[in-house]
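Remarks on the structure that follows.
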Amino acid sequence: MLESSLEYFRCVRCSSKLELNIFKESKEIIEGILECKKCHEQFPIIDKIPILWDDFSLYLSSRKKLGGKLYQLIENQNLKKFCKSSLSKTNKTNDDRTELEERWTRIYQNSKSSKFYSEIKKDIGSLKKSELALEYGCSIGIMTSFLAESHRIVFGIDRSFSALRIAKKSYKNNLEYVVADFLSPIFGKSKFDLVLALNVLELVEPVKFLNHISKQITSGDFIISDPYDFDRGINSVKNPLNEKTLRTNLEKLGFKINPKTKAPSSIPWILKLNPRATLNYDVDLILAKK
């Protein structure tokens, strides 16, 4: 974690500023604790990655295998105790997301040369350079790393610690990655000049997500894409959107849609699942602005 990021982070529970306890650092903070002095919530920094989740035990409840790996990874004894204590408080569940998130990390690594990303980069390249940019669902950092080449400060949010470990291998002094829920107010009342959300609507209730992002943009650009593949069984969102309703919701929130994305599009996004299988999506892209 970059120490400069402390200026932007807020407590997930009460939105207060956080204090930083550093246990290990080099160019950036490798191990530490972010602590809210108001509500006393603590958020760990492990292997350079801050985990701003409301209750670390809750995050580990569906990732117990990851919890064991994190415990082995940590060097500082205070942080080890925190991790061990959090693991002891986890809820019982049969749903462990560790292997699934590791698998998708490999898929994104194998698919990072997809033409989909080059198409999105063309659209981003035409935008005014911003002071503060944010990507939701950044995964291994394909687009966030690109944003950091021309925007002053860039943040990437993802739920997968495994994916962000890959992203953090590419160090930039203006780029920060954080494990967080998409709807958590980890930036308090900060406003962003550019927000990117590529193919994530099946992971979060779409209308709530759009409302959340709208509050983060007073004057700026919003780039969103999706293949509208909402079938996730019991994990499916309750109120999915389609090409028309997504645009309608954006306009109700005060966004103006770029004329060239008024009509639905079909941008190929090819994911290499393994040497013998690929997943082919046709993705709709919207460029919007306030």
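The values are calculated or read from the model by the stated rules, or taken from the named source; none is laboratory data. On a predicted model such as this, the values are computed, not experimentally measured, just so you know. As a convention, Cβ positions derive from the backbone with ideal geometry for all residues, glycine included, and neighbour counts pool all protein chains shown.
Observations on the model:
- Some residue of the range 56-73 being part of a loop (DSSP other than H, G, I, E, B), buried (at least 20 other Cβ atoms within 10 Å of the Cβ) and not acidic (Asp, Glu): yes
- Condition check for ILE286: surrounded by 12 or more Cβ atoms within 10 Å (Cβ to Cβ), in contact with a strand residue (DSSP E or B) (Cβ under 8 Å, 6 or more places away or on another chain) and either basic (Lys, Arg) or closer than 17 Å to VAL200 by Cβ (or both): yes
- Scan of the range 17-37 for residues that are part of a loop (DSSP other than H, G, I, E, B) and either among the β-branched types (Val, Ile, Thr) or modelled with pLDDT under 95 (or both), ordered by number: SER26, LYS27, LYS37
- Selection of the range 17-40 for residues being surrounded by 14 or more Cβ atoms within 10 Å (Cβ to Cβ) and small (Gly, Ala, Ser) yields only GLY32.
- If you check ILE124, ILE142 for being out of contact with any Ser or Thr (no Cβ under 7 Å at 6 or more places or on another chain) and modelled with pLDDT of 95 or more, only one passes: ILE142.
- SER86 vs. criteria touching a residue at least 12 places away in the same chain (Cβ under 8 Å), of a type in the set (S, T, N, Q), surrounded by 20 or more Cβ atoms within 10 Å (Cβ to Cβ) and more than 22 Å from TYR8 (Cβ to Cβ): yes
- Selected residue (criterion: modelled with the highest pLDDT) from residues of the range 88-103 that are among the β-branched types (Val, Ile, Thr) and in a loop (DSSP other than H, G, I, E, B): THR90
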